[in-house]
1. All other residues with a Cβ under 13 Å from the Cβ of Phe16 taken together, and with Lys, Arg as +1 and Asp, Glu as -1, what is their net charge?
2. Please identify the longest segment of the chain free of exposed trypsin sites (Lys or Arg not before Pro), where exposed means a DSSP state other than H, G, I, E or B and no more than 13 other Cβ atoms within 10 Å.
3. Return one number: the angle in degrees, 0 to 90 and rounded to the nearest 10, between the long axis of the Cα atoms of helix 28-44 and the longest principal axis of the Cα atoms of the chain.
4. Going by C-beta contacts inside 10 Å, put Glu55, Glu75 in order with the fewest on the left.
5. How much of the pair distance distribution for region 2-92 lies past 18 Å, counting alpha-carbon pairs only, in percent?
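Just so it is clear, none of the values below were taken in a lab; they were calculated from the coordinates. Note that the coordinates shown come from a computational prediction; the quantities given were computed from them, not determined experimentally. Neighbour counts run over all protein chains shown; Cβ positions are idealised from the backbone, glycine included.
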Amino acid sequence: MKLIYLASTRPDLAWFRTYYGRVFPEGAAAARRHYAKAIDNIVDSPYIGRSIGLEGLRKLSVPRTPFAIFYQVVEDRIEIVRVWDQRADPDLLEFHEEAAVLA
């Protein structure tokens with residue numbers, strides 16, 4: 001299955017890089033490994049994440065990090081919708097339908 005990142009992940013991924021680049025650089029290498037493994041798990045088993053009650057959206061926490069990957073399986077692809085820092089205010093977590101894909 002093809003994996004794509006929607007534009008809604010742009011600020012999330014920027015925060016991931018900032019957090020591990022400036023706030024907690026000691027954990028950066030391990031966090032990148034855990035994130036890559038979580039993505040591999042999603043690609044290998046697209047329904048591994050738990051359904052969150054919104055149409056088609058699933059959530060998989062990235063082990064040993066405060067981040068979770070929100071994604072959806074659509075036809076022949078997996079769309080990463082958000083990479084959310086779970087310590088943030090949950091009221092700020094929004095999901096928007098969008099067709100924009102990061103290159």
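1. Working: positive: Arg10, Arg17, Arg22, Arg32, Arg82, Arg87; negative: Asp12, Asp85.
So the surrounding residues net to +4.
2. On the way: sites that count: Arg64, Arg87.
Longest gap between qualifying sites, sites excluded: 1-63.
3. Roughly 10 degrees, rounded to the nearest 10.
4. Values: Glu55 9, Glu75 6.
Listing Glu55, Glu75 from fewest to most nearby Cβ atoms yields Glu75, Glu55.
5. Details: 1697 of 4095 pairs.
For region 2-92, the fraction of Cα-Cα distances above 18 Å is 41 percent.
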